[in-house]
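The values are calculated or read from the model by the stated rules, or taken from the named source; none is laboratory data. Nothing here was measured: the structure is a model prediction, and the numbers come from that model. Because the Cβ atoms are built from the backbone with ideal geometry, glycine has one as well, and the counts that use them run over all protein chains shown. With ligands, DNA and RNA removed, areas are computed over all heavy atoms of the protein, side chains included. Shrake-Rupley method; radii C 1.70, N 1.55, O 1.52, S 1.80 Å.
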Amino acid sequence: MKKTVLLSLAVFLLLAGAGILLLVLPARGVLRTDGPAETVQHWLDARDAVWLRQEYVRLHTPEVTEFENAGQVAAAIYDAAAGDRFSFRELPGSGSERAQDYILSAGDADILLLSARFENGVWQVETGPLNALTGERRTLSVTVPEDAALTLNGVPVSESYIAERGLPYPDLTELEQRFDGVPSRVRYAIPGMYGAAELEAWRQDGLLLLRSDGTEWEYTLPDAAGHSFSVTAPRDALVTVCGALLDEGDVTATRAWPTKLDIPAELQEYLPESLIYTAGGLYSVPEIDVKAADGGLLECAGTGTELVFSPAGSEALHDACHERVRSFLWALCDYGAGHGDRGYPCVYTVNPSPLSRYIWNAGDSLTWTVGVTLKFSDIQTSDYIPLGDDAFLCRGHVDVTSITRHETQDLSLDYEMLWIRKNGYWYCQDLAFA
């Protein structure tokens with residue numbers, strides 16, 4: 001019994017002595033087999049590559065823009081730099097009796113700080129950020145029409161990122177530079193981007209991508225430089241396109257007054273002349289406005305952006321001569337229906353003249369025109385264009401129904417006329433069917 005107690009006491013004293021010896025052993029030395037390096041190695045052996053990657057992402061939060069996620073950027077930086085072979089080495093100047101810092105590397109990339117601390121008689125390991133890896137940051141540049149909107153990685157890009165405004169299109173014509181609201185572009189600059197950028201640009205009428213390399217984008221209008229116009233207007237007319245008043249420098253051609261009439265040489269200098277304005281290669285949709293020199297409206301033919309304007313007629317001439325011209329047209333039509341006994345149109349014509357001879361010579365054939373009844377619906381005269389003081393051009397329109405025993409016809413007749421003043425009276429010198 002005494003031997004057993006003595007043996008147990010001896011074992012207890014031996015173990016207690018060993019514990020006391022462990023507590024009093026130095027943190028480092030040949031007597032310790034669990035120094036900081038060995039502890040870090042055991043710590044590393046107990047962890048896999050996935051855990052180490054997650055720990056790196058947890059500890060490293062790079063500063064990113066609103067268009068990227070810090071965790072995703074940290075993971076991308078790690079994946080781009082880290083290898084699959086892990087090792088560690090002492091951080092120079094960090095060692096002491098009870099502490100030692102190490103640099104953990106994955107391949108050639110230093111990824112974590114490992115801090116070994118001697119506490120409660122054992123070495124313990126903690127991880128910390130090393131901030132040795134950095135990703136390349138770049139500034140995105142996006143040039144778009146001024147009314148375009150952007151999203152980057154699904155996030156709307158606000159106008160606060162606009163670095164330049166009012167950028168002209170490279171091939172903008174001199175004329176278009178005079179327009180109100182000259183079309184222009186803006187350039188967005190978005191700094192601090194790490195990863196791939198999913199950029200989308202949008203505008204209501206579409207966009208055309210000119211170039212993109214992942215850092216710079218340039219867009220233009222889908223109908224860039226694709227608009228044009230042609231305007232023919234009297235010389236003294238006021239022609240504006242998108243607010244720009246056109247002048248002699250914008251004239252591309254001239255055109256004399258088109259007429260089928262025989263105009264005497266002494267009156268030709270009075271014929272209205274039209275100026276032709278044409279332009280192409282425009283980014284703007286042409287908004288055309290044409291007014292007479294006195295601000296009045298001009299009669300327009302054509303559609304869209306190919307317009308022809310006639311000179312404004314003289315209201316004074318119309319008021320003074322309408323009834324005489326109207327009477328002539330009534331007499332001419334009635335005479336053509338074989339009613340020479342009721343009126344003779346030659347009393348309204350210059351005599352002698354080709355027109356008066358034509359009417360006179362028609363008389364013989366008209367004797368065979370019998371049984372025709374005319375019902376006039378309307379006789380209009382318009383476009384009184386003065387040629388000096390004693391001549392003018394005008395147009396006439398007659399709506400009349402011709403009735404015979406065999407048929408009824410509705411006729412719509414248009415005429416162009418030249419009138420001359422002689423001895424205080426106006427006479428028609430020439431007439432043509434329009």
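Summary table below
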| read-out | value |
| --- | --- |
| Ranked order, TYR425, TYR283 - accessible area, probe 1.4 Å, largest first | TYR425, TYR283 |
| Added length on full extension, which subtracts the Cα-Cα distance from 0.36 nm per residue, GLU174 to ASP399 | 76.1 nm |
| Expected-Rg normalisation [2.2 N^0.38 Å, Cα atoms] applied to the range 34-190 | 1.69 |
| Cβ-Cβ FRET estimate between SER228 and VAL370, R0 fixed at 35 Å, reported to 0.05 | 0.05 |
| Heavy atoms of GLU218 accessible to a 1.4 Å probe, total area in Å² rounded to 10 | 40 Å² |
| Local electrostatic count at PRO145 - Lys and Arg +1, Asp and Glu -1, tallied over other residues with Cβ under 13 Å | -1 |
| Relative contact order [Cα under 8 Å, 6+ residues apart], the range 155-213, whole percent | 34 percent |
| Descending principal axes extents, the range 141-294, alpha-carbon based, whole Å | 82, 25, 22 |
| Histogram of C-alpha separations across the range 36-101, 10 Å bin width, % | 17, 38, 32, 12, 1 |
| Segment ASP247-ASN351, length gained on full extension (0.36 nm per residue, minus Cα span) | 33.0 nm |
| Within straight-line cross-link reach of LYS375, aspartates and glutamates at Cα separation under 20 Å, skipping those fewer than 8 residues along the same chain | GLU323, ASP334, ASP341, ASP399, GLU407, ASP410, ASP414 |
| Rounded to 5, the percent of DSSP beta bridges in the range 343-434 classed as antiparallel | 95 percent |
| Difference of contour (0.36 nm per residue) and Cα-Cα distance, ASP289 to GLU90 | 63.4 nm |
| Total formal charge among the other residues, if their Cβ is under 13 angstrom from that of ILE77, Lys/Arg +1 and Asp/Glu -1 | -3 |
| Cα-based helix-to-principal-axis angle, 70-81 vs the chain, degrees rounded to 10 | 70 degrees |
| Radius ratio Rg over Rh of the range 290-406, counting only Cα atoms, Kirkwood formula for Rh | 1.07 |
| Average accessible area per residue (Å²) across the range 203-244 - probe 1.4 Å, nucleic acids and ligands excluded | 48 Å² |
| Sequence of LYS291, LYS375, LYS260 when ordered by accessible area, the most exposed leading, probe 1.4 angstrom | LYS260, LYS375, LYS291 |
| Cβ-based net charge around ARG255, under 11 Å, with every Lys or Arg adding one and every Asp or Glu removing one | 0 |
| For peptides 205-215, 103-113, sequence by mean Cβ density within 10 Å, most packed first | 103-113, 205-215 |
| Sequence ranges 415-421, 252-258, ranked by mean other-Cβ count within 10 angstrom, highest first | 415-421, 252-258 |
| Percent carbon-and-sulfur accessible area, the chain, ignoring ligands, DNA and RNA, probe 1.4 Å | 52 percent |
